[in-house]
Structure formats: C-alpha cells, structure tokens
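Undergrad: Below is one structure. I have some questions about it.
The values are calculated or read from the model by the stated rules, or taken from the named source; none is laboratory data. All values reported here derive from a predicted model rather than from experimental measurement. Note that each Cβ is placed from the backbone with ideal geometry, even for glycine, and that neighbours are counted across all protein chains shown.
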Amino acid sequence: MPKIELITQINAPIEKVFDLARDIDLHMESTKHTGEKAIAGKTSGLIGLGETVTRRAKHFGIWQNLTSKITEFDRPNHFVDEMVEGAFKSFRHEHIFSENNGQTTMKDVFVFESPLGILGPLFNWLALTRYMTRLLEERNRVIRGASEQ
C-alpha cells in the first residue's frame, strides 16, 4: 500500500494547529478547487472522536462521495481519520503533532489502497500518489496560514 509522509513546521501553538487540522470548514477551504462540500455527518466546525463526515468533491473529473470517521483522538497530540465508505479500497490518515519552543511540527502519515484491483498499483504510480500528496500539501499550506495569523 502506498504511504505518504509529510512534515510541516508551523509557528503557532500546538493546540491551535491541532484544532485547525480537524476543522471541517478549513478543510473545505483547502479543497475548494475540487468543489468539495461536507454533505452528511459533522458538516461544520471541529470533528471529534467517533464522528463522521461525508464529503462530495470532484476528483479526476468524477463526482465522488467519501465518508471518513475519527477513530483515534488524543488532543493536542494525535488523531486518525479512516475511510468508512468511498472511492478508495481503504485509507488511514494519521495526524501527529509535537511542539518545541512555540513551533508546532505537524506530521501526516497517509496510507491508502486503490480500488482498481491489479491496475491499482499502476494508477498509484502514474497519478494517485502524486495527486494525494498535492492535496495534502495544499491542506497543510492552508492550515499553516490560518495558524500563523
């Protein structure tokens, strides 16, 4: 399964960064180019343990719904969201936070499995891993901008 790991340094307190990373409205801001909307479950504000959100967005020219659930939660250090239903065969997105001298390190570990059977690894290599990395990088850029205000 492909694994994307990103490290983002943010000049803001860990609690602020943690909460912005789980803010559904800010997430939609970071994916506005996909037309993303939260359509079911928790659709606005801060998502927490056991809560789900269903988002509708256009990826690769196709409108898709994806439902994810917060399965682990330890504020302000760590939370995990996992796909419950959607286009992937599976995904797990781990969000890890640490703070040193007022600067927060946000680490993303995103592990996913494509839905395309034996063609999945080829699609991952050709497009999906790069596409998901760019989505996560944009999300992190928006979180950094909001955190450092």
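Undergrad: So which residues in the range 4-18 are surrounded by 17 or more Cβ atoms within 10 Å (Cβ to Cβ) and either at pLDDT below 95 or closer than 11 Å to P76 by Cα (or both), if there are any at all?
TA: Within the range 4-18, I14, K16, V17, F18 qualify.
Undergrad: Among the charged types (D, E, K, R), part of a helix (DSSP H, G or I), modelled with pLDDT under 95 and on the phi < 0 side of the Ramachandran plot, is that true of R139?
TA: Against the criterion (among the charged types (D, E, K, R), part of a helix (DSSP H, G or I), modelled with pLDDT under 95 and on the phi < 0 side of the Ramachandran plot), R139 does not qualify.
Undergrad: Between residues in the range 133-146 that are touching a residue at least 12 places away in the same chain (Cβ under 8 Å) and residues that are outside any helix (DSSP H, G or I) and surrounded by fewer than 18 Cβ atoms within 10 Å (Cβ to Cβ), which pairs lie under 6 Å by C-beta distance while being six or more apart or on different chains?
TA: Note: pairs meeting the criteria are T133/I4; L136/L6.
Undergrad: Of the residues E36, E82, E5, E15, which single one is more than 20 Å from E137 (Cβ to Cβ) and within 15 Å of the chain's Cα centre (by Cα)?
TA: Of the residues listed, the single one that is more than 20 Å from E137 (Cβ to Cβ) and within 15 Å of the chain's Cα centre (by Cα) is E82.
Undergrad: Among the residues of the range 110-149, which ones are over 16 Å from F91 (Cβ atoms) and among the polar types (S, T, N, Q)?
TA: N140, S147, Q149
Undergrad: Do we have any residue at all in the range 107-129 that's part of a strand (DSSP E or B), surrounded by fewer than 14 Cβ atoms within 10 Å (Cβ to Cβ), out of contact with any helix residue (DSSP H, G or I) (no Cβ under 9 Å at 6 or more places or on another chain) and modelled with pLDDT of 95 or more?
TA: No, the conditions are met nowhere in the range 107-129.
Undergrad: Something else: Restricting to the range 1-22, count the residues that are within 16 Å of L135 (Cα to Cα) and among the charged types (D, E, K, R).
TA: Of the residues in that region, 3 qualify.
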